[in-house]
Each structure stands twice: as C-alpha cells, then as structure tokens.
Amino acid sequence: MDMLGIDIGTVSVKYVRVKGKKGIGDILSRGDYQYKGDFEDLGRILEDIKTKEGTALDVAIGLTSQEITKRNFTIPILPKEEIKEAMNWSASKLVSTPLEEMVYEFTMLGEIEERGIRREDVLFSGVQRSYVDRLLSVFENAGYERITLLTDIGFIYIHTVEEKADGSVAVVDIGGRQTGIYIIDEKKMKSVREIMTASESFTDALMSGLGLNYNEADQYKREKGFDERSTEILSVPLDRLAGEVQRTFNVYSQKNPERPVAKVCIAGRSARIPNLMENIRKFLAEETDYLALPHNVDDEYLPAYILCTKREQLVNLLPVEIRQKEKEQLYKKWVRTGTVGIIALLIIFSMNVWSDLHKTRFYIDSQKKSISTKREQLKMMSGTF
C-alpha cells in the first residue's frame, strides 16, 4: 500500500505520496498548501488531498507545533526496572499538564557528566491527549482511517544527517514562523530547541524597511533575498536568529564538551533565500552548508518523504489504542496473506500430486498394455508350434 506523508507546518501543509520498499521510495505525487493554522483550514486541505489521492493509504503525520512539548532532563543511572518511574517523576516536574492527560515518549540520549557525576540524559516528547483527539478527528472526518504515525517534524532529521563529523551535527530548519535547532550525534537527537525568529521575520523586516505589503515583501525575499538594497534591513532578524543558534550551541557544548557542534546543516524552504547562506556563515564559527537531500527530493518535501520512508524509526505520539489498532490490522493482513499463501501451496501440492498420480496411472496402463500384447504374441507363437 502507498504511503501518504503529511507535513503540517506553521504556515503551510506539504504532502507526498510514496511508493517503495522499506527505507526508500519513489515520490508519485506531491502538494503544497498555504495554511492558516486552525483545524477548519486543515480539514479543507485534507479534503483536497483526498480528491487527488484517495484515502486507501497509510498516513504518517508530522507536526511543527508548539503543542508538542520537548524537554531535556537527566536522571541518575539506575537499574532498568527503576528507570521508567524516575523518568515519569522528573517529567512531571517539567510540564504543566498532568502526564495522564498526555501522549508522550522518552528518548534515552546516553550518559553525560553533570557536576562530576555520571547521569542519564533523557528527552521527553509529549502532546496533550485532547489536541491529538481533535487532530485525528479531522483526518477521520476526511476519510483517512489508517493513521500509522504522529510525530514532531524535528525527529526526521535524525535520518537525514549521514555525514560523519568530528563532533555533533546541528540541523537548523528555518520554517515559516518557527526555526527548529536540532543537534544530532550518532543517530540520536541530543538537543531540541525552537525559536520564533524564522522566515516571516525576514518578511516583516522587508515590509517595514522597504515599505512593501506582505505579498511584495514575501516575493522580494524569495526572489532577491539579501541584495544591496535589503542586506542591512535583513541583518537585524538574521543577527537575532544566528545569535540564538550560537547560544544553543554554547549551552550544548557545556553539557557535551567532548562532542561539541562541529557542523551546521541549514534546512527548510527558507534555507534557499538568495545569499542567506553566505550571510549566516559570517555569524557561525562552525562549518555551515545546506542539508544534503536524497535524490529527487526538494527541500520543502523532505520531511514528508522521511515520514513515509522511516516511519517505524520515529518517535510516535499516537495514543496506545491507535497504535494497537494498527498492529491488529497488520496482524490481520499477515494472517490473510499467510492464509492465501498456505492455500496456494496446498493447491500447488495437490496439483503436483494429481500430476504424479496421473503419470503413475499412465505408466501402469502402458505396462498393462505392453504385457497384454506380449501375452497375445506368446499365444500366437505357441499355436504355430
């Protein structure tokens, strides 16, 4: 069955339909919609996607949303049977919503040294159950029943950073209203931070600095970016963005002095603003370049593509009963497939037995005829003598 990856951002919704084997796939179709950020508008978008793609698809959802809470904390190094209780207790002190009202997961990040003591570093990712219920109801109302994944879009970058570096690698995803700073080391998400300086901050600066309306400023940003007329104006939000990025790296390096950030990958559609890369390199001491993309996948569709091809490896914030339902459907699918396979084997076996039996009967009949013929010949020969 084809996969539908839906990336719900702060100002747009992107989707791809992917066909392929586990881990890789071909994009069959894709789409990009402006998004107001409310459930009603999301419902409208899903109806249009349904018209184009149908609903007989496995769906993976990725969110860029402040509704998802992510917190790093540490716990003592404990026996395995005591870790879950310690993580729940620590997380309950960090989030304002009671854990029983949330869907959440813990990601173990490894050991770190904290004030001379070795501790376990943990990442908490959670979302209120009421928000998940409302979101899933929008998909169900549009006719999508096979929801297999709900995750924070930041986790997709674990599977896009392939290059080896002498330290950690940071992905800076410049979105519409939010920039995600994701620090990854050895295929683990080591640190997550979101800041509100992003693409629209550049648009706002152009509106006030050049006296443009929103559409004019957005077009100027996308087509001309940092040119002679706009560089000084855009340096204000860029300085704010780069400063927050560098502060994030400094805090991370204090916790991980042996593996500080060594490389920065700029991602997201806004990464391609003309001359942005050249200007952001002036602020960052680390090696900085565009995030490497899989073959034939554009920047803006990368998250949706990874949702389809790596969904089993991502943090899943679907409620347990939804995931259990998916497992039951998968089990039934395998049972049906196995049953069909067994029946096919029985049919093939029966046909082979019938064929062998037919051949045996033919051989026996041939031998009988041969013996009968020889008897007649003997009788004729005995009558002659």
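Take the residues in the stretch 290-317 that are out of contact with any strand residue (DSSP E or B) (no Cβ under 8 Å at 6 or more places or on another chain) and not in a loop (DSSP other than H, G, I, E, B); name whichever of them is surrounded by the fewest Cβ atoms within 10 Å (Cβ to Cβ). If you could, list the steps in order and put the result at the bottom.
Of the residues in the stretch 290-317, the ones out of contact with any strand residue (DSSP E or B) (no Cβ under 8 Å at 6 or more places or on another chain) are 293-295, 298, 310, 312-313.
Still in the running and not in a loop (DSSP other than H, G, I, E, B): 312-313.
Details: 312: 11, 313: 14.
Filtering first and then ranking leaves 312.
How many residues does the stretch 213-235 hold that are open to solvent by 40 Å² or more (accessible area, probe 1.4 Å), free of Cβ contacts under 8 Å to residues at least 40 places away in the same chain and assigned to a loop (DSSP other than H, G, I, E, B)?
3
Of all residues in the stretch 2-27, which are among the aliphatic types (A, V, I, L, M) and surrounded by 14 or more Cβ atoms within 10 Å (Cβ to Cβ)?
Those that are among the aliphatic types (A, V, I, L, M) and surrounded by 14 or more Cβ atoms within 10 Å (Cβ to Cβ): 3, 4, 6, 8, 11, 13, 16, 18, 27.
Which one of the conditions (1) acidic (Asp, Glu); (2) loosely packed, with under 15 Cβ neighbours inside 10 Å; (3) without any contact (Cβ under 8 Å) to a residue 40 or more places away in the chain does residue 166 fail to meet, given that it meets all the rest?
For residue 166, the exception is condition (3).
So residue 200 ticks every box in (1) surrounded by fewer than 16 Cβ atoms within 10 Å (Cβ to Cβ); (2) among the acidic types (Asp, Glu); (3) assigned to a helix (DSSP H, G or I) but one. Which box is left unticked?
With respect to (1) surrounded by fewer than 16 Cβ atoms within 10 Å (Cβ to Cβ); (2) among the acidic types (Asp, Glu); (3) assigned to a helix (DSSP H, G or I), residue 200 is out only on (1).
Hey, any hits in the stretch 148-156 for a residue that's touching a Phe, Trp or Tyr at 6+ places or on another chain (Cβ under 7 Å) and either outside any helix (DSSP H, G or I) or closer than 20 Å to residue 10 by Cβ (or both)?
yes
Can you list residue pairs whose Cβ atoms sit under 6 Å apart, with the first residue in the stretch 300-313 being over 17 Å from residue 19 (Cβ atoms) and the second being buried (at least 24 other Cβ atoms within 10 Å of the Cβ)? Count only pairs 6 or more apart in sequence or on different chains.
Partner pairs satisfying both residue conditions: 303/7; 303/62; 303/153; 303/156.
The values are calculated or read from the model by the stated rules, or taken from the named source; none is laboratory data. As the structure is a computational prediction, the values presented were derived from the model and not from experiment. Every residue, glycine as well, gets a Cβ built from its backbone with ideal geometry; the counts of neighbours run over all protein chains shown. Remember, those area values only see protein heavy atoms, side chains included, never the ligands or the DNA or RNA. Shrake-Rupley method; radii C 1.70, N 1.55, O 1.52, S 1.80 Å.
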